[in-house]
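**Student:** Quick one: the structure is below, and I'll ask about it shortly.
The values are calculated or read from the model by the stated rules, or taken from the named source; none is laboratory data. These figures come from a predicted structure and were not determined experimentally. Using ideal geometry, Cβ is built from the backbone for each residue, glycine included, and neighbour counts are taken over all protein chains shown. We work out accessible area using only protein heavy atoms, side chains counted, and drop any ligands, DNA or RNA first. Shrake-Rupley method; radii C 1.70, N 1.55, O 1.52, S 1.80 Å.
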Amino acid sequence: MPSNAFLLEERIPAGCHHALLLKRGYALRLTDLSGDGNVGLLAFNADERSERYNMADTLKAQHTHKLALGNVLYSDMGRPLLSIMGDSFGWHDTICGTTNAAMIEATYGLNDFQLARNGYYRNGRDGFLMELGRWGLGRRDLVPNANFFSTVTVDDEGNIGLSEASYQPGAWVELRAELNVLVILSTAPHPLREGPAAARTSEASRMPKPGLPYRTEARRHEHATATGNHSRRRPLHGPHQRRAAGAPRGYGRQ
Amino acid sequence: MARINAGQRVRLVDTEGNEAVDTFFFNAEDPRERYSAVDTVRRQRNVYLTTGTELVSNEDRTLLTIVDDTCGRHDTLGGACASESNTVRYAHDRKFMHSCRDNFLLALLNWNEDFSKRDLGPNINFFMNVPLSADGGLRFADGISGPGKYVELVAHMDVLILISNCPQLNNPCSGFNPTPVEFLLWDA
Ligand SMILES: [Zn+2]
């Protein structure tokens, strides 16, 4: 998709937070530039913010605990907020929530603002709250989030684990708003991530213009695969791929 | 809704078997702190609740611990039934059936009108069987509970317990026949 097809592009560094209003019919593409990223997502009906993404209703209505192409993110009022219209990744986590400051310190060590200035280690809970607060929301609205680009598997006994399949540089997912949606994002590490994490850089807020057919992108994608010019999961927008190579490193790789 | 003080024990008994007991907790002193299904799952690295499970709050603190369980496992990902989700899952004519969300909202608002829908999150479904599969699936299966099976918890802080004995008739979570549950509370 030519870059001028996007109304807005934003690169969200590792560990940060971001929010945007996605009007009904507009789409948001998230791209995991490093392959090691995680994008926590909360979604609210922008016109009635007590209506919000509901993990349990999303799971039971679709008999799934993963999100993938064709799934929708249901609100608690039985309506789709976001639809997954495109997905190179295949299995996004819904059941692990996000990190907090104590978890990040236990996993990555202490690296606060006094030590590291803006390189400090951030966490998902605080990031979500800082963004929720900007929109008049708060702790009561911090419900279980979806985690894009993180695959969590469950065995027969119910034990969970973060899958190696989560590492997919260039993976992308496209979400279409079915109502006017307030989308809140956190690029903090996935809560099951162990040890010093690799670079985490996610690119978000890439909104195709309304009415731009999603299938155009899909066909281009298939064509690229067929000609062997790109690996299956490489995104089409090459310039961003190159930018990712020079992106600042995330936690643990400074 | 009832208050459970730190150190007290609570037992829920599935008197006739195959019931689903939708349950939620708040910190009694600060109800903005509440039960968190995802933090509970994340801390124990397992999706099913049973003896030894610490019920974790959204502030990552332990609200209660399950200290006895003759059923074997309990769900925390299926959420509470609601007219809205019943309509999505089954049919529009199910809209006016009774639901756990109705019970939850009525109990919350009767307790204190500072509560609202915003204070609810995914709850625990004691005695309910919601198996997750290795290929990413989730389903509501026939119950594994039976008459007289129970689960017992000890409170680590003063909490409020919110219970709806599930009136769902659209899936096997209550065996298509909701039956009584017994609620016991005592000083340990
Ligand atoms: Zn119910």
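**Student:** Round to a whole angstrom and tell me the spacing of the C-alpha centers of the range A:87-157 and the range B:89-121.
**Tutor:** Distance between centres, Cα-based: 28 Å.
**Student:** Another question, then. Shape call for the range B:10-51 from the C-alpha gyration tensor, a ≥ b ≥ c root eigenvalues: rounded (a/c under 1.5), prolate (a/b greater than b/c) or oblate?
**Tutor:** On the way: a/c = 2.69, a/b = 1.30, b/c = 2.07.
Cα axes put the range B:10-51 in the oblate bin.
**Student:** Something else: Using only protein heavy atoms and a 1.4 angstrom probe, determine the accessible area buried between A and B, summed over both sides, in Å² to the nearest 100.
**Tutor:** Details: alone 11890 and 8840 Å², together 17190 Å².
Rounded to the nearest hundred, the buried surface is 3500 Å².
**Student:** So, one more: Classify the protein assembly as shown as rounded, prolate or oblate from the Cα gyration tensor: take a ≥ b ≥ c as the square roots of its eigenvalues, call it rounded if a/c is under 1.5, otherwise prolate when a/b beats b/c and oblate if not.
**Tutor:** Note, shape of the protein assembly as shown comes out prolate.
**Student:** If you don't mind, there's one more thing I want to ask. Using a Gaussian network for chain B with springs between C-alpha atoms less than 10 Å apart, which of these wobbles most: B:ASP14, B:ASP75, B:ASP142?
**Tutor:** Sorting by GNM fluctuation, first place goes to B:ASP142.
**Student:** Starting from the range A:7-115, pick out the GluC sites (Glu not before Pro) whose DSSP state is loop and whose Cβ has at most 15 other Cβ atoms within 10 Å.
**Tutor:** A:GLU9, A:GLU48
**Student:** Dipole size in debye (nearest 20) for the range B:2-187 around its Cα centre, Lys and Arg Cβ +1, Asp and Glu Cβ -1?
**Tutor:** It works out to roughly 420 debye.
**Student:** Please report, in whole Å, how far the alpha carbons of the range A:3-213 spread along each principal axis, starting with the longest.
**Tutor:** Per principal axis, max minus min of the Cα coordinates gives 45, 42, 35 Å.
**Student:** Next question, about the same structure. Output the direction-averaged projected area (hull surface divided by four) of the convex hull of the alpha-carbon atoms of the range B:1-112, in nm².
**Tutor:** If I average the Cα hull's projected area over directions, I get 8.3 nm².
**Student:** Classify the range B:2-187 from the C-alpha gyration tensor, please: rounded if a/c falls under 1.5, else prolate or oblate depending on whether a/b exceeds b/c. Present the calculation step by step, with values, prior to reporting the outcome.
**Tutor:** Details: a/c = 1.40, a/b = 1.19, b/c = 1.17.
Because its axes are fairly even, with a/c under 1.5, the range B:2-187 counts as rounded.
**Student:** Among B:ASP39, B:ASP22, B:ASP30, which one shows the highest mean-square fluctuation when chain B is modelled as a Gaussian network with alpha-carbon springs under 10 Å?
**Tutor:** Comparing B:ASP39, B:ASP22, B:ASP30 in the GNM, the peak value goes to B:ASP30.
**Student:** Ignoring everything except DSSP H segments at least 4 long, calculate the 222 nm mean residue ellipticity for the protein assembly as shown; use -39,500 (n - 2.57) per segment, divide by total residues, nearest 500.
**Tutor:** Working: 9 runs with 80 residues, N = 442.
Per the formula, -5000 deg cm²/dmol.
**Student:** In addition: A:PHE128: net charge of surrounding residues, Cβ under 10 Å, Lys/Arg +1, Asp/Glu -1, itself excluded?
**Tutor:** Result for the neighbourhood of A:PHE128: -1.
**Student:** Here's a follow-up. Which peptide among B:164-176, A:156-168 comes first, and what is the full order, when sorted by highest mean count of other Cβ atoms within 10 Å? Could you put the intermediate results ahead of the total?
**Tutor:** On the way: B:164-176: 19.7, A:156-168: 14.8.
So the peptides B:164-176, A:156-168, ranked by packing, come out B:164-176, A:156-168.
**Student:** On to the next question. Below 12 angstrom from the Cβ of A:SER50, what's the summed charge of the other residues (Lys, Arg +1; Asp, Glu -1)?
**Tutor:** So the surrounding residues net to -1.
**Student:** Need the per-residue list for the range B:10-53: every residue with at least 10 Å² less accessible surface in the complex of protein chains than in the chain by itself, probe 1.4 Å, sorted by number.
**Tutor:** B:ASP30, B:ARG32, B:ARG34, B:VAL38, B:ASP39, B:VAL41, B:ARG42, B:ARG45, B:ASN46, B:VAL47, B:TYR48
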